[in-house]
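Working notes, beginning with the structure itself.
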């Protein structure tokens with residue numbers, strides 16, 4: 001009989017060794033829980049020596065919707081079996097390891113805040129979950145010794161006071177999002193809010209973190225679409241299932257997306273570094289990454305030619321983490337908030353603080369960002385949504401010889417355990433919250449002696465302690481800006497029953513009796529259009545307001561001239577370039593495009609108005625004009641002959657019909673006129689062909705509306721432009 005070949009022998013030895021190694025690891029893993037159970041400590045039931053708690057967890061998850069996150073399985077076990085302890089052990093080896101799941105605020109406080117041996121170290125398991133998104137270590141999953149210096153680098157960028165400087169950028173992205181919501185509302189069809197919200201939140205975070213417009217809402221962008229693809233392919237259960245990584249298609253897509261995103265972010269970082277080198281002392285950018293770059297390079301005697309590779313690589317990973325984490329907290333919170341039955345109180349607060357005209361909120365916030373601090377009920381609504389629908393839990397690494405004490409007085413060893421603080425149960429537990437299942441923003445406005453007053457340490461969506469969420473101030477500001485801009489314009493009506501009627505499926509659909517916990521959230525979007533507002537009864541004096549096309553830096557105004565003056569002005573980028581220009585005359589500018597069309601007859605009225613120019617000027621210069629202005633007819637205007645004057649004329653629609661509010665014309669004269677001509681005009685563009693294209697379109701299509709004209713670029717998108725209170729009163733504006 002022939003002896004087995006060396007190859008077969010090696011296979012047999014390898015197989016036996018693998019079985020032996022697995023058996024040893026299996027025994028050690030199971031004994032971690034068995035020993036704790038023998039000590040009378042809280043351990044999940046139905047433990048199997050072969051499968052641990054894997055089959056038990058599956059049986060619990062089978063009672064939930066099929067796409068429910070596994071954390072809801074842990075939450076069900078905690079509520080049903082361990083409500084009095086507030087913590088329990090669960091064995092999920094080899095998928096992950098031994099979990100010490102915590103739902104008690106007291107135990108959570110000990111882990112994250114009061115026990116210095118536990119507050120700062122993350123478990124290795126966390127890296128497996130985040131690596132497909134980030135590509136490597138970040139401040140979220142670094143060991144304690146490496147985490148502290150990097151956290152210090154990024155802290156400056158997330159300082160709460162600096163976040164207010166980002167509000168104008170946020171407002172711009174909200175306006176784009178509002179347009180998307182209007183489009184869906186106009187279709188009169190059910191839709192899923194989450195995909196729309198996802199692109200919006202990525203744009204919001206991109207502006208805040210990088211001061212870059214990603215345009216995820218309107219088109220393709222390497223970073224935005226790469227991240228969207230990563231999220232679609234990401235497996236949230238990877239934390240407990242390492243075998244999920246054997247999907248090679250997913251691995252390839254993640255690798256491809258990471259390369260695409262890394263190239264984009266790397267190029268942006270290199271550009272910012274060169275800008276910093278050339279003007280380090282006067283760098284005025286307020287974006288998070290710029291401030292982190294400044295902090296990292298602070299104290300360097302000589303700046304290197306290129307950005308340090310280690311910082312560059314870490315910053316790339318960190319930016320991806322910020323976008324991923326921010327989309328989860330901002331997007332999920334907003335998509336739930338607009339469907340709550342508390343909108344009337346919320347809207348009343350916005351009317352009181354921001355003014356009765358909803359369309360004015362965006363521009364008001366851009367000018368006065370700190371006004372969001374005057375919206376306590378809005379913040380209470382956000383906190384209550386984050387209580388009922390927390391974005392995620394948090395983990396810490398257990399340490400040898402270190403124990404924590406549960407609510408029943410048990411000393412729970414943390415060695416060899418993953419400490420998981422389960423927010424989704426803690427935030428919803430009747431042990432810690434009065435009327436826990438009810439949506440009650442009032443609990444956040446209650447006095448300490450009120451039964452609704454939150455229990456200490458029971459609300460922790462951003463976690464507490466030294467490793468809390470670095471971006472929590474940004475998220476809370478973003479959400480208040482979003483609601484302030486949108487909550488009075490839109491109604492988001494849940495449509496779960498209608499969707500199920502049209503698309504019947506088998507299985508469990510409710511999670512804790514709540515359809516909002518579902519992964520997909522069908523809804524109907526309703527909004528009140530500007531035309532509806534404009535055609536309401538006008539027994540009161542007509543609204544006086546400024547509507548304009550503007551961004552964070554400048555506002556666009558219009559004026560019409562003859563072709564000689566206009567051509568010379570565009571070529572030289574100087575309004576007075578032509579000798580035909582008469583500098584002594586009052587110059588009338590109009591922020592309203594349609595009023596300019598009315599005044600010039602779409603540029604066809606006469607030869608002296610045959611060319612329409614778009615003139616951009618900085619906001620501070622525009623404000624200076626208005627501060628010195630007087631309304632035509634004011635006795636002071638005649639007395640102060642050099643003062644700027646304004647007229648309020650009926651606003652016009654696309655066909656030059658009168659609308660229900662008045663638009664401003666600004667007559668510039670005297671010394672201010674010279675400064676405007678010579679210093680304040682940032683750019684000059686001939687937009688005559690746009691005006692004539694608009695005229696052609698409205699003549700050919702009797703049904704075309706402003707919305708379609710904006711979409712095709714024939715009418716600029718104009719938003720209400722907020723000004724300071726003194727100007728409102730001086731010019732008799734509606735406030």
Of (1) in a helix (DSSP H, G or I); (2) without any contact (Cβ under 8 Å) to a residue 60 or more places away in the chain, residue 29 fails just (2)
Boolean, residue 139 is assigned to a helix (DSSP H, G or I) and either surrounded by fewer than 22 Cβ atoms within 10 Å (Cβ to Cβ) or in contact (Cβ under 8 Å) with a residue 12 or more places away in the chain (or both):
no
Regarding the stretch 15-29, can at least one residue be identified that is loosely packed, with under 15 Cβ neighbours inside 10 Å, more than 37 Å from the chain's Cα centre (by Cα), at pLDDT 95 or above and on the phi > 0 side of the Ramachandran plot?
no
Please go through the stretch 48-60 and pick out each residue that is within 24 Å of residue 426 (Cβ to Cβ) and either part of a loop (DSSP other than H, G, I, E, B) or at pLDDT below 90 (or both).
53
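Test of understanding: among 393, 326, which residue is at pLDDT below 85 and surrounded by 21 or more Cβ atoms within 10 Å (Cβ to Cβ)?
Matching residue, one of 393, 326: 326.
Being touching a strand residue (DSSP E or B) at 6+ places or on another chain (Cβ under 7 Å) and either in contact (Cβ under 8 Å) with a residue 60 or more places away in the chain or not assigned by TED's automatic domain parsing to the domain that holds residue 459 (or both) narrows it down to one of 52, 40, 73, 14, so name that one. If you could, list the steps in order and put the result at the bottom.
Values: 40 fails: touching a strand residue (DSSP E or B) at 6+ places or on another chain (Cβ under 7 Å); 73 fails: touching a strand residue (DSSP E or B) at 6+ places or on another chain (Cβ under 7 Å); 14 fails: touching a strand residue (DSSP E or B) at 6+ places or on another chain (Cβ under 7 Å).
Residue meeting the stated conditions: 52.
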Looking at the stretch 606-633, which of its residues are assigned to a loop (DSSP other than H, G, I, E, B), over 15 Å from residue 644 (Cα atoms) and in contact (Cβ under 8 Å) with a residue 40 or more places away in the chain?
610
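With the requirement that a residue be free of Cβ contacts under 8 Å to residues at least 60 places away in the same chain and buried (at least 22 other Cβ atoms within 10 Å of the Cβ), what does the stretch 78-109 give you?
First pass over the stretch 78-109, keeping only residues free of Cβ contacts under 8 Å to residues at least 60 places away in the same chain: 80-82, 88, 90.
Those that are free of Cβ contacts under 8 Å to residues at least 60 places away in the same chain and buried (at least 22 other Cβ atoms within 10 Å of the Cβ): 82, 88, 90.
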Would a scan of the stretch 455-470 turn up a residue that is farther than 25 Å from residue 158 by Cα, in the same structural domain as residue 154 (by TED's automatic domain parsing) and surrounded by 14 or more Cβ atoms within 10 Å (Cβ to Cβ)?
yes
Failed condition for residue 491, given (1) in contact with a strand residue (DSSP E or B) (Cβ under 9 Å, 6 or more places away or on another chain); (2) in a loop (DSSP other than H, G, I, E, B); (3) modelled with pLDDT of 70 or more; (4) not assigned by TED's automatic domain parsing to the domain that holds residue 662, with all others met?
(2)
Look at the stretch 395-441 and say how many of its residues are touching a helix residue (DSSP H, G or I) at 6+ places or on another chain (Cβ under 7 Å) and within 23 Å of residue 139 (Cβ to Cβ).
6
Across the stretch 142-172, the tally of residues that are crowded, with 20+ Cβ neighbours inside 10 Å and assigned to a loop (DSSP other than H, G, I, E, B) stands at 1
Residue 400 being surrounded by 22 or more Cβ atoms within 10 Å (Cβ to Cβ) and assigned to a loop (DSSP other than H, G, I, E, B)
no
Filter the stretch 264-292 down to residues that are out of contact with any helix residue (DSSP H, G or I) (no Cβ under 7 Å at 6 or more places or on another chain) and either in a helix (DSSP H, G or I) or at pLDDT 85 or above (or both) and give me whichever is surrounded by the fewest Cβ atoms within 10 Å (Cβ to Cβ).
278
Can you tell me which residue is farthest from the chain's Cα centre (by Cα) among those in the stretch 429-449 that are under 30 Å from residue 91 (Cα atoms) and surrounded by fewer than 21 Cβ atoms within 10 Å (Cβ to Cβ)?
431
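Working only within the stretch 565-579, note down all residues that are in contact with a strand residue (DSSP E or B) (Cβ under 7 Å, 6 or more places away or on another chain) and farther than 14 Å from residue 612 by Cα.
So in the stretch 565-579, the residues in contact with a strand residue (DSSP E or B) (Cβ under 7 Å, 6 or more places away or on another chain) come out as 566, 569-570, 573, 575.
Selection gives 573 alone.
Going by the structure shown, is residue 300 buried (at least 22 other Cβ atoms within 10 Å of the Cβ), at pLDDT below 80 and assigned by TED's automatic domain parsing to the domain that holds residue 390?
Numbers: buried (at least 22 other Cβ atoms within 10 Å of the Cβ): no; at pLDDT below 80: yes; assigned by TED's automatic domain parsing to the domain that holds residue 390: yes.
Criteria not met by residue 300.
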Candidate set from the stretch 675-716 (those that are assigned to a helix (DSSP H, G or I) and under 32 Å from the mean Cα position of the chain (by Cα)); member that is modelled with the lowest pLDDT:
707
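Taking the stretch 450-480, which residues are farther than 18 Å from residue 325 by Cβ and under 15 Å from the mean Cα position of the chain (by Cα)? Step through it out loud before you land on a result.
Of the stretch 450-480, the ones farther than 18 Å from residue 325 by Cβ are 450-459, 480.
Correct list: 480 only.
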Which of (1) out of contact with any helix residue (DSSP H, G or I) (no Cβ under 9 Å at 6 or more places or on another chain); (2) touching a residue at least 12 places away in the same chain (Cβ under 8 Å); (3) surrounded by fewer than 20 Cβ atoms within 10 Å (Cβ to Cβ) is the odd one out, the single condition residue 112 does not satisfy?
(3)
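Counting only residues that are out of contact with any strand residue (DSSP E or B) (no Cβ under 9 Å at 6 or more places or on another chain) and modelled with pLDDT of 85 or more, which one in the stretch 642-674 is surrounded by the fewest Cβ atoms within 10 Å (Cβ to Cβ)? Talk me through it step by step, then tell me what you get.
Filtering the stretch 642-674 down to residues out of contact with any strand residue (DSSP E or B) (no Cβ under 9 Å at 6 or more places or on another chain) leaves 642, 654-657, 671, 674.
In the following step, the residues that additionally are modelled with pLDDT of 85 or more were identified as 654-657, 674.
Values: 654: 21, 655: 15, 656: 15, 657: 11, 674: 14.
The qualifying residue surrounded by the fewest Cβ atoms within 10 Å (Cβ to Cβ) is 657.
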Determine, yes or no, whether residue 259 is in a helix (DSSP H, G or I), modelled with pLDDT of 90 or more and surrounded by fewer than 14 Cβ atoms within 10 Å (Cβ to Cβ).
yes
Here the residues within the stretch 77-106 that are under 11 Å from residue 422 (Cβ atoms) and either in a helix (DSSP H, G or I) or in the same structural domain as residue 465 (by TED's automatic domain parsing) (or both) are 77, 78, 79
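The values are calculated or read from the model by the stated rules, or taken from the named source; none is laboratory data. Bear in mind that the values here come from a model prediction, so they are computed numbers and not experimental data. For neighbour counting, all protein chains shown are included, and Cβ atoms are generated from backbone atoms with ideal geometry for every residue, glycine included.
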